[in-house]
Amino acid sequence: MIGLLQLTRFGAVGICCFALGLAVLVGVHDLAGANYLIAYVTSFVLSNVAGYLLNARFTFSVDSIHHRGAVRYLLVNTALLCVNTVVLKILVDGFQVWYVGAAVLLAAVNTPVSFAAQRFVTYRAEDGSRASGCQATSGRDDFRR
């Protein structure tokens, strides 16, 4: 049951971060005139920073962010970014897919992969009261470093 609740919350955070990422992607490419790959990397980084903070608080119920968890999150997302950027280039340049459509497709495929990776690598529970790299929620609304 907790896995389904976490997946639902992860999906809701993902929708918010997807909207942010799509806005950044289109803004950086279409409005600022940057190459679509630069725009994609920019949107990926910004939406994943937001995703880390939101998922820590709302999906995995932690109120304290520690560097250990942030480093694991960054490593998982760096691997995903590398794979996704290569696939994006193949879809856009090789198969002539519109860059926004390719990014939407990658986001759909990336969601369950990212959920599993983050759940078991970044936010894995060490014991009943702590998640590795984070501290369990105690009812406070603040984030500490």
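The values are calculated or read from the model by the stated rules, or taken from the named source; none is laboratory data. Since the model is a prediction, treat every value here as computed from it, not as a measurement. All Cβ positions, even for glycine, are placed from backbone atoms using ideal geometry, and neighbour counts span all protein chains on display.
What do you reckon, is VAL41 crowded, with 17+ Cβ neighbours inside 10 Å and either without any contact (Cβ under 8 Å) to a residue 40 or more places away in the chain or more than 20 Å from TRP98 (Cα to Cα) (or both)?
Taking the combined requirement at face value, the residue does not satisfy it.
In this structure, does HIS66 turn out to be in contact with a helix residue (DSSP H, G or I) (Cβ under 8 Å, 6 or more places away or on another chain), at negative phi and in contact (Cβ under 8 Å) with a residue 12 or more places away in the chain?
no
You will find that of PHE44, PHE120, PHE60, PHE143, the residue that is aromatic (Phe, Trp, Tyr), at pLDDT 85 or above and more than 12 Å from the chain's Cα centre (by Cα) is PHE120 and no other.
Of THR8, THR59, THR78, THR42, all but one fail to be among the polar types (S, T, N, Q) and over 19 Å from THR122 (Cα atoms); the exception is THR42.
Taking segment 83-108 as the range and being closer than 30 Å to LEU4 by Cβ and either surrounded by fewer than 19 Cβ atoms within 10 Å (Cβ to Cβ) or not aliphatic (A, V, I, L, M) (or both) as the test, the residues that pass are VAL83, ASN84, VAL87, GLY101, VAL104, LEU105, ALA108.
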